[in-house]
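Chemist: First, the structure itself, so that you have it in front of you.
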Amino acid sequence: MKKHNFSAGPCILPQEVLLKASQAVMDFNESGLSLIEISHRSPDFVAVMENARALALELLGLENKGYKALFLQGGASMEFLMVAYNLLENKAGYLNTGTWSDKAIKEAKLFGDVVEVGSSKDENFNYIPKGYAVPEGLDYLHLTSNNTIFGTQIKKFPKTDAPLVCDMSSDIFSRELDFSMFDIIYAGAQKNMGPAGATLVVIKEDVLGKVSRKIPSMMDYQVHISKDSMFNTPSVFAVYTSMLTLEWLKNLGGVAAIEETNEKKAQLLYSEIDLNPMFNGYANKEDRSNMNATFTIADERLKDTFDKLLKEAGINGLNGHRSVGGYRASMYNALPLESVGILVDVMSDIERKA
Ligand SMILES: *Cc1c(COP(=O)(O)O)cnc(C)c1O
């Protein structure tokens, strides 16, 4: 039986994408060869890379606006240091909204001064800091749009003259934003786009070339741009599968259409969390993530019963991250509304049993 997959990452992908990707592993474009055994320089794969890059810009509304899309490797974690390598000359600002921002800050400190413009560490990152001042003269300001572990999401982005860099690993392509406010957006594929192994990096080209240090080729965004994201062998399977997911999203009506479904899923689950006395939401209400909903069970003695019911309902991946505990329901683009309905049924079931 196919499970209802609430895993935080790697995570659910559309069934039709999994089917097409597995077919391509056996026979790519009826070539008699597998996608993963042909040259990445072959015309068939070059077309995949170009299509994936173009779709990413199209879905973000960033075509013809001076942006380039790259599919790199090393995960979002590699971008923590590549951003600083390429942009940080003197001083950068970071908003600390949890584990991933914390890790980005740690890497940036190897390259220059870091100003933490705000932090929600005092409340174990259950809210998004607001009303903080952004100092003048920053090389860039770094934000994490969605905090996968704590279940918070930035709803309103700060106005600043500094270039804006955003880790969107867990909510890219999930909601409409004016993406042109960002100079660099990056996202590990495995949360909302594809398998692990590729990282989408979208760069406004004019933000580059301003640091005086020498940058090793593999770390240099300009090198990757000049080679059309083919400086070295790309992660062909991850790029191809990401391309399929982006096509799937485009056919659904794009980001605006999926945002509507994502809103419905989040409303359904959060209203159950709020109405059902058996559960408590973790994140501050106004900062709640539409992608990752974090909550705890009010009476720990019912945990085993709840876990058993979840299992019987075919629900997978609901355990909270160890730094928060409790439960986390990740509702990425490919998760059907129906799966959230099943989860909500189990939650009301346990209320009746209590
Ligand atoms: C998962 C995640 C990361 C880390 O991604 P890797 O690809 O494993 O390096 C970074 N930032 C956010 C917001 C994430 O959710």
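The values are calculated or read from the model by the stated rules, or taken from the named source; none is laboratory data. This is a predicted model, so every value here is computed, not measured. Here the Cβ is made from the backbone with ideal geometry for all residues, glycine too, and neighbour counts use every protein chain on show. Only protein heavy atoms, including side chains, enter the accessible area calculation; ligands, DNA and RNA are left aside. Shrake-Rupley method; radii C 1.70, N 1.55, O 1.52, S 1.80 Å.
Chemist: Determine, yes or no, whether S7 is assigned by TED's automatic domain parsing to the domain that holds A187 and under 21 Å from the mean Cα position of the chain (by Cα).
Modeler: Criteria not met by S7.
Chemist: So G317 passes all but one of these: (1) in contact with a helix residue (DSSP H, G or I) (Cβ under 8 Å, 6 or more places away or on another chain); (2) of a type outside the set (A, V, I, L, M); (3) surrounded by 14 or more Cβ atoms within 10 Å (Cβ to Cβ). Which condition number does it fail?
Modeler: (1)
Chemist: Determine which member of the set L95, L81 is closer than 23 Å to V202 by Cα and either surrounded by 21 or more Cβ atoms within 10 Å (Cβ to Cβ) or in contact with a Ser or Thr (Cβ under 8 Å, 6 or more places away or on another chain) (or both).
Modeler: L95
Chemist: Same structure, new question: Kindly establish whether A69 is of a type in the set (G, A, S), in the same structural domain as K214 (by TED's automatic domain parsing) and more than 16 Å from the ligand (Cβ to nearest atom).
Modeler: It is true that A69 is of a type in the set (G, A, S), in the same structural domain as K214 (by TED's automatic domain parsing) and more than 16 Å from the ligand (Cβ to nearest atom).
Chemist: If you don't mind, another one. Would you please list the contacts, defined by Cβ atoms under 7 Å and residues six or more apart or on different chains, that run from a residue in the stretch 165-191 that is away from the ligand (no atom under 14 Å from the Cβ) to a residue that is part of a strand (DSSP E or B) and open to solvent by 10 Å² or more (accessible area, probe 1.4 Å)?
Modeler: Correct list of pairs: D183/K204.
Chemist: Scan the stretch 117-126 and tell me whether some residue there is touching a Lys or Arg at 6+ places or on another chain (Cβ under 7 Å) and either near the ligand (Cβ under 10 Å from one of its atoms) or among the polar types (S, T, N, Q) (or both).
Modeler: No; the residues of the stretch 117-126 include none that is touching a Lys or Arg at 6+ places or on another chain (Cβ under 7 Å) and either near the ligand (Cβ under 10 Å from one of its atoms) or among the polar types (S, T, N, Q) (or both).
Chemist: Which numbered condition trips up K2, out of (1) within 24 Å of G320 (Cβ to Cβ); (2) more than 16 Å from the chain's Cα centre (by Cα); (3) assigned by TED's automatic domain parsing to the domain that holds T152; (4) not hydroxyl-bearing (S, T, Y)?
Modeler: That leaves (3) as the condition not met.
Chemist: Okay, moving on. What is the one condition in (1) part of a loop (DSSP other than H, G, I, E, B); (2) polar (S, T, N, Q); (3) within 12 Å of the ligand (Cβ to nearest atom) that S77 does not satisfy?
Modeler: (1)
Chemist: Just to be sure before I move on: is S235 touching a Gly at 6+ places or on another chain (Cβ under 6 Å), modelled with pLDDT of 95 or more and either farther than 27 Å from K91 by Cβ or not charged (D, E, K, R) (or both) in the structure I sent?
Modeler: Yes.
Chemist: Just need a number here: residues in the stretch 41-56 that are under 24 Å from S169 (Cβ atoms) and open to solvent by 30 Å² or more (accessible area, probe 1.4 Å).
Modeler: Looking only at that region, the number is 3.
Chemist: Kindly provide the set of residues from the stretch 168-204 that are out of contact with any helix residue (DSSP H, G or I) (no Cβ under 6 Å at 6 or more places or on another chain), open to solvent by less than 20 Å² (accessible area, probe 1.4 Å), under 20 Å from R328 (Cβ atoms) and not in a loop (DSSP other than H, G, I, E, B), ordered by number.
Modeler: A187
Chemist: Oh, and also: Could you check the stretch 1-35 and list, in sequence order, the residues that are in a helix (DSSP H, G or I), surrounded by fewer than 14 Cβ atoms within 10 Å (Cβ to Cβ) and among the aliphatic types (A, V, I, L, M)?
Modeler: L19, M26
Chemist: Please tell me if L269 is assigned to a helix (DSSP H, G or I), closer than 23 Å to N5 by Cβ and touching a strand residue (DSSP E or B) at 6+ places or on another chain (Cβ under 7 Å).
Modeler: Judged against the criteria, L269 is a match.
Chemist: From (1) within 16 Å of the ligand (Cβ to nearest atom); (2) of a type outside the set (K, R); (3) open to solvent by less than 30 Å² (accessible area, probe 1.4 Å), pick out the condition that doesn't hold for E107.
Modeler: The one condition E107 does not meet is (3).
Chemist: Now for a separate question. For the stretch 102-126, which residues satisfy the criterion of being assigned to a helix (DSSP H, G or I) and charged (D, E, K, R)?
Modeler: Residues satisfying the conditions are D102, K103, K106, E107, K121, D122, E123.
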